[in-house]
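Below: one structure, written as structure tokens.
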Amino acid sequence: MTTSAGIWPTGVAHTEQRLAESAGLDEMTSLEVLTLLNRQDATVAGAVAAQLPAVARLVDAADAALDAGERSTTSAPARPGGSRCSTPRSCCRRSTSTPAP
């Protein structure tokens, strides 16, 4: 059982738990290690896809805050010339909640 933040009751994030399938990693062949890595990598797309609605809400909220003149409390590194974005804000007006055509 995990908390809403994905933390196991032990206080260790689920993503940082030891993977049982990797026991004996030092005894595996290169192909076995690569197969294990590939199998784990394949789980990422589904996990990200499941969170896309939440990510879209976050992006939309950030866009609305920027439109309202709010600024981040953290500083992104400035690009040469002082710009923090390489494209004008008008390019980002399309809502992220709906799929692109």
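Some points to look at:
- At R0 = 25 Å, FRET efficiency that the Cβ-Cβ distance of L58 and Q17 yields, to 0.05: 0.45
- As a calculated quantity, the FRET efficiency between R71 and L37 at R0 = 41 Å, using C-beta atoms, amounts to about 0.55.
- Between amide H atoms placed 1.01 Å from N, distances below 5 Å from M28 occur with no residue 5 or more places distant or on a separate chain.
- With 0.36 nm allotted per residue and the present C-alpha distance subtracted, the D26-Q51 stretch has 5.6 nm of extension available.
Read-outs throughout are calculated quantities, based only on the coordinates presented, and are distinct from any laboratory measurement. Since the model is a prediction, treat every value here as computed from it, not as a measurement. Using ideal geometry, Cβ is built from the backbone for each residue, glycine included, and neighbour counts are taken over all protein chains shown.
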